[in-house]
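The values are calculated or read from the model by the stated rules, or taken from the named source; none is laboratory data. Keep in mind that what you see is a predicted model, and the values were worked out from it rather than measured. Positions of Cβ are generated from backbone atoms using ideal geometry, with glycine treated the same way; all protein chains shown enter the neighbour counts.
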Amino acid sequence: MRWILALPLLLSAAACEAKPAGDSATENAATAAASEAITLKAADGVAVYGRLYQAAQPRALILLFHQAGSSKDEYATIGPRLVKAGYSALAIDQRAGGGLFGKNETAAGIGREADYLEARPDLQAALDWAQTQHLPIILWGSSYSSSLIFPLAADHPQGIVALLSFSPGEYFDSDKQMIRRAAAKVTVPVFIASANSKEERDDADPITASLPKGAQNERYVPEHGVHGSSTLIATRNPEGAEANWREVLVFLDRVTAAK
């Protein structure tokens, strides 16, 4: 099921907790050799660990942010697939995360549990680095980070050409309208995806409706989908991953065609 946003839509996306299924250790081992370790420093001095997937002649640089309880290894199969399509990608460990897909080095480094909003300096560090690479930048988030990319893009739009948001919602108790206010300021194309459930759709409804009109935004609710970026991982979503990849790649092609 697919819609291109031309009018306000009351659509939605996801609960913020991870919904794991299966073991991705084999996938991670198979793709780790194709990537390069990178370490950034957040404004507050925290070391932010990442993995860079480098295309030979990249069409854009995609920043990959993970979901709750997760790590950069959420993108162990997604990163190489993006490289094959002509995109470089950086996946980072945010301090609000864990070992769902593999060790989160940033979270381990701070030695305590962090809340979602505390991860904002980590996303900012990735964007600061990306803005030195002289490539179009695409922000990609999963669950709570798919929400945080909206204020990031609204506050620091330099070089950003698109956003992909997998299962966003107003997940932050301190301000339940923060993400929709930020979304209203994002003028580049946005792809919002979620699982096809009432809960997921209801979470993204106000965010989707807040997007500016005329920016060629896309709202995608697949026939077979799961929470967050896991909707593109075959071991998490065997019935729908390939169909969902097709939609993502069409969107990426469109937003980078003229870059």
(message) Looking only at region 135-145, count every residue that is within 9 Å of the chain's Cα centre (by Cα) and assigned to a loop (DSSP other than H, G, I, E, B) and tell me the total.
(response) 1
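Any idea how many residues of region 206-259 are of a type in the set (D, E, K, R), under 16 Å from the mean Cα position of the chain (by Cα) and closer than 23 Å to Pro80 by Cα? It would help to see each step written out before you state the result.
First, pick out the residues of region 206-259 that are of a type in the set (D, E, K, R): 213, 218-219, 223, 236, 239, 242, 246-247, 253-254, 259.
With under 16 Å from the mean Cα position of the chain (by Cα) added as a condition, the list becomes 218-219, 247.
Pick out the ones that are also closer than 23 Å to Pro80 by Cα and you get 247.
Final tally of qualifying residues: 1.
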(message) So for region 21-32 (the condition being part of a loop (DSSP other than H, G, I, E, B), modelled with pLDDT of 50 or more and within 30 Å of Glu170 (Cβ to Cβ)), does at least one residue qualify?
(response) no
(request) Give the number of residues within region 176-200 that are under 15 Å from Glu218 (Cα atoms) and in contact with a Phe, Trp or Tyr (Cβ under 8 Å, 6 or more places away or on another chain). (result) 7
(request) Report, ordered by the first and then the second residue, all pairs with beta carbons closer than 6 Å, sequence separation of six or more or different chains, a first member in region 60-73 that is under 14 Å from Leu152 (Cβ atoms), and a second member that is among the polar types (S, T, N, Q) and not in a strand (DSSP E or B). (result) Phe65/Ser145
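Only one of Ala130, Ala107, Ala126 is without any contact (Cβ under 8 Å) to a residue 40 or more places away in the chain, buried (at least 17 other Cβ atoms within 10 Å of the Cβ) and not polar (S, T, N, Q); which? Write out each step before concluding.
Working: Ala130 fails: without any contact (Cβ under 8 Å) to a residue 40 or more places away in the chain; Ala126 fails: without any contact (Cβ under 8 Å) to a residue 40 or more places away in the chain.
Sole residue among the options that is without any contact (Cβ under 8 Å) to a residue 40 or more places away in the chain, buried (at least 17 other Cβ atoms within 10 Å of the Cβ) and not polar (S, T, N, Q): Ala107.
Condition check ((1) touching a Pro at 6+ places or on another chain (Cβ under 8 Å); (2) at pLDDT below 95; (3) among the basic types (Lys, Arg)) across all residues:
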site: Leu40; (1), (2), (3): no, no, no
site: Ala43; (1), (2), (3): yes, no, no
site: Ala47; (1), (2), (3): no, no, no
site: Arg59; (1), (2), (3): yes, no, yes
site: Gln67; (1), (2), (3): no, no, no
site: Lys84; (1), (2), (3): no, no, yes
site: Ser88; (1), (2), (3): yes, no, no
site: Gln94; (1), (2), (3): no, no, no
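Of the residues Thr256, Thr231, which single one is modelled with pLDDT of 95 or more, of a type outside the set (A, V, I, L, M, F, W, C) and in contact with a Gly (Cβ under 8 Å, 6 or more places away or on another chain)?
Thr231
So which residues in region 149-164 are over 20 Å from Glu118 (Cβ atoms) and of a type outside the set (Val, Ile, Thr), if there are any at all?
Pro157, Gln158, Gly159, Ala162, Leu163, Leu164
Looking only at region 224-244, count how many residues are surrounded by fewer than 18 Cβ atoms within 10 Å (Cβ to Cβ) and either polar (S, T, N, Q) or within 18 Å of Ser165 (Cβ to Cβ) (or both). Walk me through how you get there before you give the answer.
Step one: list which residues in region 224-244 are surrounded by fewer than 18 Cβ atoms within 10 Å (Cβ to Cβ), which gives 224, 234-235, 238-239, 242-243.
Then drop every residue that is not either polar (S, T, N, Q) or within 18 Å of Ser165 (Cβ to Cβ) (or both), which leaves 235.
Count: 1.
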